[in-house]
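No value in this document is a laboratory result; all are computed from the given coordinates. The structure displayed is predicted, hence computed values, not measured ones. Glycine also receives a Cβ, built like all others from the backbone with ideal geometry; neighbour counts cover every protein chain displayed.
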Amino acid sequence: MAKELNEDTGFQVSIKSLIAIGFAMATIIGMWFDLQAKHKIAVIPTIIIFKDGVEVARFQADLSFKMLATRKEVQNEINNQLMSDF
């Protein structure tokens, strides 16, 4: 059973910890926006397959955020990219 967090639980956190958490969140959010812009991610989830640093395949969700590609289709593309070197 989960405990509810309230003033009676005795949970304490320092201002220093809250500031650190805030900076960490801002960093992660900033990194997300950088990646989103760099790779032109318009919808989540998006699966991008890279080969030698170049995008070779992209699978994106539809407007309802449902991934259209199956796991098998994504794996087949990965296998194709791996086998293309032989």
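Can you match Cα extents along the principal axes in Å to one of these, (1) 54, 24, 19; (2) 62, 31, 29; (3) 55, 29, 16, based on a calculation from the structure here?
Derived directly from the coordinates: (2).
Helix-only estimate, please: 222 nm mean residue ellipticity of the chain, summing -39500 (n - 2.57) across DSSP H runs of length 4 or more and dividing by its residues, to the nearest 500.
Using -39500 (n - 2.57) per qualifying helix, the result is -14500 deg cm²/dmol.
Where in region 52-70 does the label zone of N76 land, with the point 7 angstrom along Cα→C-beta and an amide N cut-off under 19 Å?
From region 52-70, the list is 56-62, 67-70.
Once the Cβ-Cβ distance between A37 and I15 is put in as r, and R0 is 35 Å, what FRET efficiency do you end up with, to the nearest 0.05?
0.60
Which far-off residues, 5 or more places away or on another chain, put their amide H under 5 Å from the one on A57, with H placed in the peptide plane?
Amide H to amide H, under 5 Å and 5 or more residues apart or across chains, A57 pairs with I49.
Can you give the extra length, in nm with one decimal, that the chain gains between M83 and I29 once fully stretched, where that is 0.36 nm per residue apart less the Cα-Cα distance?
Working: separation 54, 0.36 × 54 = 19.44 nm, distance 3.58 nm.
Extra length from M83 to I29 when fully extended: 15.9 nm.
At a Cα cut-off below 20 Å, give the aspartates and glutamates reachable from K38, other chains included and same-chain residues fewer than 8 away excluded.
Within reach: D52, E55.
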